[in-house]
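What follows is one structure encoded as structure tokens, with my remarks underneath.
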Amino acid sequence: MPYLVHSTEDREAMLEALGVATMDDLLVDIPPHLRVDGIDLEPGLSEFETMARVRALAGRNRVFEDRLWFRGGGVYQRFVPAAVSAVTSKPEFYTAYTPYQPEASQGTLQAIFEFQTLIAELTAMDVANASLYDGATALAEAAMMAVVETGRRHVVVAGCLHPEYADVLRCYGDGRGFDLRVGLEHVGSDTAAIVYQQPSFLGLLEDAAGLTELAHRHGALGIACVDPISLGMLAPPGEQGADIAVGEGQQLGLAASYGGPHVGFIACRKELMRRLPGRLVGEGHDDLGRRGFVLTLTAREQHIRRARATSNICTNHSLCALAASVYLTYMGPDGLRQVAEVSYQRAHALAERLAAIPGFELPFPDRQFLNEFPVRMFHVEHHLARLRAAGILGGLPVGPMFPDRPDLEDVAIFCCTEVNDPAALDLLVEVLTASAASVNTRSGAR
Amino acid sequence: MTEPLSFEKSRSALPPPRLPQAGVQTDAQLPEEHRRRRPPALPRLSEAEIMRHYSRLASMNYSISEQFYPLGSCTMKYNPVANEEAARLPGFAGLHPYQDEETAQGALELMWRLERALCSVVGVDRITLQPAAGAHAEWTALRMIQAYHRARGEDRTEVIVPDAAHGTNPASAVLCGFKVVEVRSGADGRVDTADLEAKLSNRVAALMLTNPNTLGLFEREIAEMAEMVHATGAKLYYDGANLNALMGVCRPGDMGFDAVHLNLHKTFTTPHGGGGPGAGPVGVKTDLVPFLPRPTVECDDGAFRLDHDRPQSIGRVRSFYGNFGMLVRAFTYVLAMGGDGLTQASRDAILAANYLRHRLEGVLDLPHEGPCMHEFVASARNLGPHGIKALDVAKGLLERGYYAPTVYFPLIVPEAVMIEPTETESRATLDAFADTVQAIVELARRSPEDLRAEPRSLPVGRLDEVAAARNPVLRWRPNGRDATASSPHEPVRSDTVNDRG
């Protein structure tokens, strides 16, 4: 049987050493009426047959060519240096346990310490933790920090937040006892935090400094949900007065993988450090004065504080954080800026060309964006189907996600990164131009 | 052996990596007010230096690929390499979560099939694959139970957890707004049912239990406890940390549990990754099905789809559909093992734990009667007279090439040494480990000061954790606060300290 190690003789010898005749003698504490004999599943397969089945399932998914992904909405196609998977596929990293025993875990601990520094630098905040599950839960943890810090029970969302992140915030709030209010008109003396996504879900830039100032004027915290690649060129939350910065790290070297595993990060001002959820790695020394790294400030955590912990998080996304660290170290400050700038320029070139297609328009022409932007295109589903037929993963139709916003009907958000080469942009524009012409011929331009 | 931080090795003159140029025409420029003023002080290293840096760090880790991890309550079993190959298939890794469902049929089918397979293992009606980890799963289950009671117009405010429970249990309950009520363990290490009776009331939303419990003992009176809990209208929650004992042996669903969580990174061999990512599916009985996180995966006439239209759902507990890459690994494992293999795995895990327990009789204290299930808790209190603690035994094992057992947990056993060998360790490994514990105990008696000085041959010795926590240094600073750094820092380019007071 795969992955099992004992021979029948081993099992018999072990039973004999225990002085029992059969396995059932070891199961005497289980009431007989609760015993089952096996599992209603087909018998195991050879590795060859297993992988054939798994490959067949993988083959039923359609994989779009990297350079033809124009869909983002929280998960993006980026160039991933080969160094990333070369490091994360080292069994010393991926099969290690949580580094509770520091002497046997210095590799993981130092890598996390470097991750914490990288995230703190990137966001221009004082301190970052060892990672969280994803961007959405990181935002929920930040909101809970603000609720505890301020003793207030309302969190206000400014601008267009990723609808799934808003759902997750609501789900955490329903349990923890805070509610979510959308729109700045709700800001008041009972506001725990103003939450904003920069750039917004639609890709548009918010007045981050203005929002954190507004929050502080009302005694609330400013929580920024940021795109880590954008921080290669965009003013980081720490420069704009944010108290807590969170985000999704998928773009830092992780595969899309149908939505996970990715990695959440959280960083804050040092005054809030002891309210951070989850693990923190700190520097320490042994009796010979050698530097080492160790899980620290554990008095915040569930295994010490139990019901009084800042969060319940235990297992986080350490290996994904490692991937992000390798990515950021590979890029360095100039590489990261170049990735952000190239994405910016291609997106703007594409936006100009799409806006020129008859029947297409940019719905928010006065707003700044980086590398993701909304396009209004009547018959959006028709156009996306044409793109799909051409092997292109087109923009994300957002209308159905925002039933209360008629202005987003027929809007799709498109993104560009360094993987979308100029020829890919040309192909996209060509297919959409033809698609628009066919629609306009049929129904006339709207 | 130590390795400088990547930041300390950074060379400011190094050119950036070669990356694509834009190659497009546009006049657009990001306005100055949105531009970053100071670049982040990320390191600048060549690829060769990066690879060497991380290879050195890797060599400073213990891992299941090299060492035996007798880590109680963590189920550190071998991680099959085929699982990794499966998760990296372009048909899975290259899938955008917002692709149209008709282009992701294989992924949806995998999730649908995994859900059904796990339902068979634990005996529930439906499972959500969304939660990212065990603690996340606990919280998700409690949110569902909370929503169930609220839908019935009941405001139940308490959750009962045993004193032996993992710390995430009470923390998850509090995160859901519940008050935690602790129920005592009796002298035999099992829940004191009289105390449970006293703590139950119509204020109680749920009892959180694991079975086998954290001492590795089967809760013999589980059916009676379920009846008591249900009689008050409360729900019974199963913490799946110890499911590795039960596959094909018995099912939490049959014991009366209403919500059951599983750790795919324990029982189903997805790797721990140095602390995640894991995956924590939650199974529920019919009563709780309407409250499952959305979306669920449904199958209509062979076509798979995501069902977002679930009006009583608690909503989303994270973005997208879960740690899909971990689901692929677990599914691959389930296919390879089959019902017969999983059943044998649990039986072997129980056999290994009992065998190792037997080997340690007379070496460490064994405060509870056997047989045990897949793990057992010993105590190092017999070494107290020599001034030796459980921690010293743990460090002695590290010195001798084993990862340490879980120590000081559960809290109800003094000097606890919690050991879980799993089914993937050979008898030779178990014997060698037992011999090593014996050698450490002998050293403890003979020259305890030598044991207290261990480990000596690892990259660092015991770190002063109190000092580390008193004056926390949680990041490297560009201006070199770190006195031990030997390599010259690059010139300070960035002052990102945010002293807002």
Given the criteria facing chain B (nearest Cβ under 7 Å), surrounded by fewer than 24 Cβ atoms within 10 Å (Cβ to Cβ), in a helix (DSSP H, G or I) and modelled with pLDDT under 95, does A:ALA307 qualify? yes
Scan the helices (runs of 4 or more DSSP H) fully inside segment A:48-134 and keep the ones with 2 or more residues being within 7 Å of another protein chain (Cβ to nearest Cβ) and among the small types (Gly, Ala, Ser). A:82-88, A:106-123
Extreme residue, nearest to B:ALA434 (Cα to Cα), among residues of segment B:392-404 that are facing another protein chain (nearest Cβ under 10 Å) and part of a helix (DSSP H, G or I): B:LEU397
Can you tell which of A:ALA166, A:ALA143 is surrounded by 24 or more Cβ atoms within 10 Å (Cβ to Cβ) and either assigned to a strand (DSSP E or B) or hydrophobic (A, V, I, L, M, F, W, C) (or both)? A:ALA143
Considering segment A:378-435 alone, what residues qualify as being within 24 Å of the chain's Cα centre (by Cα), in a loop (DSSP other than H, G, I, E, B), within 12 Å of chain B (Cβ to nearest Cβ) and not aliphatic (A, V, I, L, M)? A:GLY394, A:GLY395, A:CYS416, A:THR417, A:GLU418, A:ASN420
Among (1) more than 18 Å from B:LEU207 (Cβ to Cβ); (2) modelled with pLDDT under 95; (3) out of contact with any strand residue (DSSP E or B) (no Cβ under 9 Å at 6 or more places or on another chain), where does B:GLY167 come up short? (1)
For B:LEU335, indicate whether it is surrounded by 24 or more Cβ atoms within 10 Å (Cβ to Cβ), over 27 Å from B:ALA444 (Cα atoms), among the hydrophobic types (A, V, I, L, M, F, W, C) and touching a residue at least 60 places away in the same chain (Cβ under 8 Å). no
Kindly list, by first and then second residue, each pair from a residue in segment B:33-61 that is on the phi > 0 side of the Ramachandran plot and in contact (Cβ under 8 Å) with a residue 24 or more places away in the chain to a residue that is crowded, with 24+ Cβ neighbours inside 10 Å and part of a helix (DSSP H, G or I), limited to pairs with Cβ atoms under 7 Å and residues at least 6 apart or on different chains. none
Count, please, the residues in segment B:454-471 that happen to be buried (at least 21 other Cβ atoms within 10 Å of the Cβ), among the β-branched types (Val, Ile, Thr) and more than 7 Å from chain A (Cβ to nearest Cβ). 0
Restricted to segment A:43-91, and to residues that are within 23 Å of A:ASP227 (Cβ to Cβ) and among the basic types (Lys, Arg), which residue is surrounded by the fewest Cβ atoms within 10 Å (Cβ to Cβ)? A:ARG67
Filter segment A:143-166 down to residues that are within 14 Å of chain B (Cβ to nearest Cβ) and of a type in the set (A, V, I, L, M) and give me whichever is nearest to B:GLY322 (Cα to Cα). A:ALA166
B:PRO70: passes all of (1) surrounded by fewer than 17 Cβ atoms within 10 Å (Cβ to Cβ); (2) touching a strand residue (DSSP E or B) at 6+ places or on another chain (Cβ under 6 Å) but (1)
Report, by residue number, each residue of segment A:16-47 that is part of a helix (DSSP H, G or I), of a type outside the set (Asp, Glu) and within 7 Å of chain B (Cβ to nearest Cβ). A:ALA17, A:LEU18, A:MET23, A:LEU26, A:LEU34
Given (1) surrounded by 24 or more Cβ atoms within 10 Å (Cβ to Cβ); (2) within 7 Å of chain B (Cβ to nearest Cβ); (3) not charged (D, E, K, R), number of the condition A:ALA323 does not satisfy: (2)
Among (1) surrounded by fewer than 23 Cβ atoms within 10 Å (Cβ to Cβ); (2) assigned to a helix (DSSP H, G or I); (3) not acidic (Asp, Glu), the one test that A:SER343 misses: (1)
Given the condition assigned to a loop (DSSP other than H, G, I, E, B), farther than 15 Å from A:ALA130 by Cα, within 17 Å of the chain's Cα centre (by Cα) and modelled with pLDDT of 95 or more, answer yes or no: does some residue in segment A:268-287 qualify? no
When segment A:98-112 is checked residue by residue, the ones that are out of contact with any helix residue (DSSP H, G or I) (no Cβ under 7 Å at 6 or more places or on another chain) and surrounded by 24 or more Cβ atoms within 10 Å (Cβ to Cβ) are A:SER105, A:GLN106
Matching residues, segment A:42-70, being acidic (Asp, Glu) and farther than 30 Å from A:ALA412 by Cα: A:GLU42, A:GLU47, A:GLU49
Filter pass, B:ARG18 being more than 7 Å from chain A (Cβ to nearest Cβ), charged (D, E, K, R) and not in a loop (DSSP other than H, G, I, E, B): no
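The values are calculated or read from the model by the stated rules, or taken from the named source; none is laboratory data. No experiment lies behind these values; they were computed from the predicted model shown. Here Cβ is always computed from backbone atoms with ideal geometry, including for glycine, and neighbour counts include all displayed protein chains.
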